[in-house]
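Student: Below are the structure tokens for one structure; questions will follow.
Coordinate-derived values only; no laboratory data. Only a predicted model underlies this, so the values are computations on that prediction, with no experimental measurement involved. Note that we place each Cβ from the backbone using ideal geometry, even for glycine, and neighbour counts take in every protein chain shown.
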Amino acid sequence: GENVEQHPSTLSVQEGDSAVIKCTYSDSASNYFPWYKQELGKRPQLIIDIRSNVGEKKDQRIAVTLNKTAKHFSLHITETQPEDSAVYFCAASMGTNAGKSTFGDGTTLTVKP
Amino acid sequence: NAGVTQTPKFQVLKTGQSMTLQCAQDMNHEYMSWYRQDPGMGLRLIHYSVGAGITDQGEVPNGYNVSRSTTEDFPLRLLSAAPSQTSVYFCASSSRTGGFDQPQHFGDGTRLSIL
């Protein structure tokens, strides 16, 4: 089955700096790669996603890049703010897997004011 | 539009007891999943369903049963609770369009403690 590895497990940055979280996946058939943000005690919520027919996607301060050849994708957060502090999860799924996603173990991001 | 609703929000059980975690969605999503979240281990898939009457096992199915009699509901049953099942349980639903999965919508979770 699919295996997703996520790095780093913890990340601390100063407010205004950029943060990068990286994930690798094992199954070349995976074609959908969402990123979820989970605040303490809350549900995971989608912040951005990318599909295999796109190499990069941006939404304001958040961007995701995908390298299908190397089977890795990354989340980039620019101009970080204290409210960006949370746990971030990457995931991978295949269109044929009917919503069955494999998640990375998460990255705890701390943004220091 | 309530999204994904999970009940109860908190539960304490004794070892050996059984219980059902409820999950309902009002978005007419065909796909529903149950995950457990343990500290530092991300979300692990327990069971999932691609539609009413169809379920399948995920990564960690032992000790859990599911059924899907309607599109809206996807209950998770703990058959005989064990301390190792202490966790936060999330239900999620999603759909698929054009060969690609759509984002999963998560419920607020059920925090379960087994004594």
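Student: When the distances between all Cα atoms of segment B:10-79 are binned every 10 Å from zero, what whole-number percent does each bin get?
Tutor: 20, 50, 28, 3
Student: How high is the relative contact order of chain A, in percent, counting Cα pairs under 8 Å that sit 6 or more residues apart?
Tutor: Taking the mean separation of contacting Cα pairs over the length of chain A, I get 37 percent.
Student: Considering the Cα trace of chain A, what is its radius of gyration and what is Dmax, both in angstroms?
Tutor: 13.5, 44
Student: Continuing with the same structure: Normalised by the residues of chain B, what does the relative contact order come to in percent, with Cα pairs under 8 Å and at least six apart?
Tutor: On the way: 297 pairs, mean separation 39.7, N = 115.
Over chain B, the number comes to 34 percent.
Student: So for the protein assembly as shown, Kirkwood radius off the Cα pairs, Stokes-Einstein at 4 °C and 1.567 mPa s: how many µm² s⁻¹?
Tutor: On the way: Rh = 18.0 Å.
Approximately 72 µm²/s, per Stokes-Einstein.
Student: OK, next. Go ahead and set up a Gaussian network model of chain A, Cα springs under 10 Å, then flag whichever of A:Lys100, A:Lys37, A:Lys22 fluctuates most.
Tutor: A:Lys100
Student: Between their Cα atoms, which of A:Lys42/A:Lys68; A:Lys37/A:Lys100; A:Lys42/A:Lys71; A:Lys37/B:Lys14; A:Lys100/B:Lys14 are more than 25 Å away from each other?
Tutor: Over 25 Å apart, Cα to Cα: A:Lys42/A:Lys68; A:Lys42/A:Lys71; A:Lys37/B:Lys14; A:Lys100/B:Lys14.
Student: Oh, and also: What is the local net charge at B:Pro61, summed over the other residues whose Cβ is closer than 15 Å to its Cβ (Lys, Arg +1; Asp, Glu -1)?
Tutor: Once all neighbours under 15 Å are counted, the net charge is +3.
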